[in-house]
Amino acid sequence: MLSTMTAKLVDTNNHGTISELGRRVLGGGPISRDEALWLFNLETSGDILDLLSWANRIREQFKGNKIHLCSIVNAKAGSCSENCSFCAQSSHYQTGAPKYGFVDPEPVAAAADEANKNGVTAVGLVAAWKGLNEGPMLDEVCARVREMKAAGKTRPDVSLGIIKSQKVADRLKEAGVECYGHNLESSRRFFPQTCTTHTFDDRLQTIGHLKKAGIKICSGGIIGMGETREDRCDLAFELKAIGANVVPVNILNPIPGTPFAKNEPLPVMEILKTIACFRFILPRQEIMIAGGRTVNLRDAQSMIFMAGASALMVGNYLTTLNQPVDKDLQMLKDLGLDPSWDSHGFSDQEENGCGCGKESCATEAATA
Ligand code: SF4
């Protein structure tokens, strides 16, 4: 006879449905939005651990044991004109975060050296401003990218906000940018609660210019901002539709002084379940766990890989601290995971299309 505890934790119908969806994704098939939402709504630890175990198999199937490591440099800090409700760098809120203009070559070179020493593949220059137009600042950004490229220590990534002109995207590509970070943040429905100084469509348009320029897309969002599970599900499908190559999942670290300062933290199992659902929806993408990892997951950090994560942001975040890189590298070693990722991760995605799920895309990639 089952104990009450066992009966509560194991629902054999759910077990069967999770396995059926897991097998389908392993076999290269997609899951529908309704099926994904059903996964997002799983509640018991038994079901969630079932889901994680399938997400782990899917990660292994499409990503092997490689883990992509990235780090970022705050290339222009604070005084941002935008009002993103989670952000310490917005000029709309008093947060005490640092403020400075666009960085000189030396700190960027030092960050690339440090990253290279730790086996980190890419360093992203992140600027706290609305976006980038043609002009002297674009020239300066391109100069920093060229210097990083010439030094050859890490891949020069950037995250420079909204781009309204194709020429800007083309200039960045020409300078050597391979991958551009531009999060959608949340679902289209929830986005206006995160920001009102620019729109979800401004972000989509930027991604359109970048893709046209041939730049890879690093785009994800933040969970724990007050959005529903449905919003998280829709964000994942939106990221699939735009063909994001790398999908950062940030977990809100509430910053005093911002509108989200008093948000309740998400339970650890809810975070792990969200990562696993993203892996089911985005089987070939690099799913990267980024900001808020240490503070929200604490001792459960190593479980992100079992939940399907295949990439990790290491080193400090823009305005908050992360755990030391040594500790992250030890965690990977203990789990038998290999941080020596190379860019074949991108080509793997492209051999099968960019990940957008459109049949025409995979066919074009196969015949290119
Ligand atoms: S645009 Fe970027 S830097 Fe500016 S407030 Fe929003 S998240 Fe912060």
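Report, ordered by the first and then the second residue, all pairs with beta carbons closer than 8 Å, sequence separation of six or more or different chains, a first member in the stretch 75-95 that is over 20 Å from Pro192 (Cβ atoms) and in contact (Cβ under 8 Å) with a residue 40 or more places away in the chain, and a second member that is of a type in the set (D, E, K, R) and more than 8 Å from the ligand (Cβ to nearest atom).
Short answer, once both residue conditions are applied: Ala75/Arg144; Ala77/Lys99; Gly78/Lys99; Ser79/Lys99.
Based on this model, can you work out whether Val123 counts as within 16 Å of the ligand (Cβ to nearest atom) and either under 24 Å from Asp201 (Cβ atoms) or buried (at least 19 other Cβ atoms within 10 Å of the Cβ) (or both)?
no
Go through the stretch 161-247 and tell me which helices (runs of 4 or more DSSP H), entirely inside it, have 3 or more residues that are within 13 Å of the ligand (Cβ to nearest atom). Write out each step before concluding.
Details: elements: 166-175, 191-194, 200-213, 229-242.
Of the helices (runs of 4 or more DSSP H) lying wholly inside the stretch 161-247, those with at least 3 residues that are within 13 Å of the ligand (Cβ to nearest atom) span 200-213.
Hey, any hits in the stretch 1-9 for a residue that's crowded, with 17+ Cβ neighbours inside 10 Å and touching a residue at least 12 places away in the same chain (Cβ under 8 Å)?
No, that holds for no residue.
Any residue in the stretch 192-203 that's closer than 15 Å to Ser81 by Cβ: show its pairings with residues that are assigned to a loop (DSSP other than H, G, I, E, B) and more than 12 Å from the ligand (Cβ to nearest atom) at Cβ separation under 9 Å, as long as the two are six or more apart or on different chains.
These pairs meet every condition: Asp202/Lys164.
Considering every residue within the stretch 133-153, establish whether at least one is surrounded by 22 or more Cβ atoms within 10 Å (Cβ to Cβ), in contact (Cβ under 8 Å) with a residue 24 or more places away in the chain and either small (Gly, Ala, Ser) or not in a helix (DSSP H, G or I) (or both).
Scanning the stretch 133-153, I find no residue that is surrounded by 22 or more Cβ atoms within 10 Å (Cβ to Cβ), in contact (Cβ under 8 Å) with a residue 24 or more places away in the chain and either small (Gly, Ala, Ser) or not in a helix (DSSP H, G or I) (or both), so the answer is no.
Can you tell me which residue is nearest to Asn263 (Cα to Cα) among those in the stretch 195-206 that are out of contact with any Gly (no Cβ under 9 Å at 6 or more places or on another chain) and not acidic (Asp, Glu)?
Top of the filtered list is Cys195.
Condition check ((1) more than 21 Å from Pro30 (Cα to Cα); (2) crowded, with 23+ Cβ neighbours inside 10 Å) across all residues:
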| position | (1), (2) |
| --- | --- |
| Val268 | yes, no |
| Phe278 | no, yes |
| Arg293 | yes, yes |
| Arg298 | yes, no |
| Met306 | no, no |
| Val314 | yes, yes |
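A short reminder: the numbers here are calculations on the coordinates, not readings from a lab. Remember, predicted model here, so these are calculated numbers, not experimental data. Reconstructed Cβ throughout: ideal geometry from the backbone, glycine too, with neighbour counts over all protein chains shown.
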